[in-house]
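To start, the structure itself, in structure tokens.
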Amino acid sequence: MTFRSILHRLEESILAALLCAMTVLTFVQVVLRYGFNSGWLWALEVNFYLFGWLVLLGISYGVRVKAHIGVDALVRLFPAPTQRAIGILVVGLALLYTGLMLYGSYEYIDRLHIMAVEAEDIPVERWILSLCLPIGFALLFYRLLEMTWRIVTGQSPGYELADEARDAIRDVGGDENPDATVVSR
């Protein structure tokens, strides 16, 4: 197995485990609250941190599987070399943003570590629970670098987004390359 395939499997497994844990915890909490008029005090805070991990790891997963949506109708009007140049510009700006967020999250975690503040209802220091910030942004930075490489080497026409319209047409009509000028009856 390559490093990439191990990373992909690990990422998907962690996301599935986080989603499963959130669902089970919420279900148990609802049953306890409405069925037995009790509950766990710490459940809401645990779900809060699990959700943070899910979102921050899920951002990079969305980049990897091209699940993020965007408006690229204008970009698609340009010739392929211009689309690639715009894609590199967009990924460069995304890398800049991600780098700033990575630096800021490192500073935040460092200060939480120095202050040794514990979470409100969980006996764990906040810096440990908030490690999703630098890990998530580092993984996003890595995914954006991968996308930049695909654009530069010509493997991708530009910034890779989900194409929901094309997917819907393919799902309904079974056509991999739909052509809006052709009417099928």
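The values are calculated or read from the model by the stated rules, or taken from the named source; none is laboratory data. Every value quoted in this text rests on a predicted model; they were computed, and no experiment measured them. Cβ: placed from backbone, ideal geometry, glycine included. Neighbour counts: every protein chain shown.
Restricting to region 16-69, count the residues that are among the charged types (D, E, K, R) and not in a helix (DSSP H, G or I).
Here is the first cut: in region 16-69, the residues among the charged types (D, E, K, R) are 33, 45, 64, 66.
Then keep just the ones that are not in a helix (DSSP H, G or I); that gives 66.
The qualifying residues number 1.
Which of the residues that make up region 75-125 are of a type in the set (A, V, I, L, M, F, W, C), over 30 Å from residue 45 (Cβ atoms) and in contact (Cβ under 8 Å) with a residue 12 or more places away in the chain? Reasoning before the result, please.
Residues of region 75-125 of a type in the set (A, V, I, L, M, F, W, C): 75, 77-78, 80, 85-86, 88-91, 93-96, 100-102, 109, 112, 114-117, 119, 122, 124.
Right, trim to over 30 Å from residue 45 (Cβ atoms) and you get 75, 77-78, 80, 85-86, 88-91, 93-96.
Selection gives 75, 80, 86, 88, 90, 91, 94, 95.
Only one of (1) surrounded by 15 or more Cβ atoms within 10 Å (Cβ to Cβ); (2) assigned to a helix (DSSP H, G or I) is not met by residue 4, so which one is it?
Evaluating residue 4 over (1) surrounded by 15 or more Cβ atoms within 10 Å (Cβ to Cβ); (2) assigned to a helix (DSSP H, G or I) leaves (1) as the failure.
For region 70-88: of the residues being out of contact with any Gly (no Cβ under 8 Å at 6 or more places or on another chain) and in a loop (DSSP other than H, G, I, E, B), which is nearest to residue 153 (Cα to Cα)?
79
Where the second residue is among the β-branched types (Val, Ile, Thr) and in a helix (DSSP H, G or I) and the first is in contact (Cβ under 8 Å) with a residue 24 or more places away in the chain and lies in region 21-34, which pairs have Cβ atoms under 7 Å and are six or more apart or on separate chains?
As it stands, the answer is 25/46, since those pairs meet every condition given.
Cβ contacts < 8 Å: first residue free of Cβ contacts under 8 Å to residues at least 40 places away in the same chain, restricted to region 8-19; second residue surrounded by 14 or more Cβ atoms within 10 Å (Cβ to Cβ) and assigned to a helix (DSSP H, G or I), any location; separation 6+ or different chain. Result?
Close Cβ pairs satisfying both conditions: 18/50; 18/53; 18/54; 18/57; 19/54.
Looking at 57, 95, 102, 50, which is the one that is closer than 23 Å to residue 12 by Cα, in contact with a Pro (Cβ under 8 Å, 6 or more places away or on another chain) and surrounded by 13 or more Cβ atoms within 10 Å (Cβ to Cβ)?
Numbers: 57 fails: in contact with a Pro (Cβ under 8 Å, 6 or more places away or on another chain); 95 fails: in contact with a Pro (Cβ under 8 Å, 6 or more places away or on another chain); 50 fails: in contact with a Pro (Cβ under 8 Å, 6 or more places away or on another chain).
Exactly one residue qualifies, and that residue is 102.
Of all residues in region 56-69, which are within 15 Å of residue 143 (Cβ to Cβ) and not hydroxyl-bearing (Ser, Thr, Tyr)?
First pass over region 56-69, keeping only residues within 15 Å of residue 143 (Cβ to Cβ): 56-68.
Matches in region 56-69: 56, 57, 58, 59, 62, 63, 64, 65, 66, 67, 68.
Each row is one residue, and each column tells you yes or no for (1) of a type in the set (A, V, I, L, M); (2) under 20 Å from the mean Cα position of the chain (by Cα); (3) farther than 24 Å from residue 58 by Cα; (4) at pLDDT below 95.
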{"site": "104", "(1), (2), (3), (4)": "no, yes, no, no"}
{"site": "116", "(1), (2), (3), (4)": "yes, no, yes, yes"}
{"site": "134", "(1), (2), (3), (4)": "no, yes, no, no"}
{"site": "148", "(1), (2), (3), (4)": "no, yes, no, yes"}
{"site": "160", "(1), (2), (3), (4)": "no, yes, no, yes"}
{"site": "171", "(1), (2), (3), (4)": "no, no, yes, yes"}
{"site": "178", "(1), (2), (3), (4)": "no, no, yes, yes"}
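Listed residues 84, 111, 126; which is among the basic types (Lys, Arg), over 27 Å from residue 8 (Cβ atoms) and buried (at least 16 other Cβ atoms within 10 Å of the Cβ)? Working first, answer last.
Numbers: 84 fails: over 27 Å from residue 8 (Cβ atoms); 111 fails: buried (at least 16 other Cβ atoms within 10 Å of the Cβ).
126 is the lone residue from the list that is among the basic types (Lys, Arg), over 27 Å from residue 8 (Cβ atoms) and buried (at least 16 other Cβ atoms within 10 Å of the Cβ).
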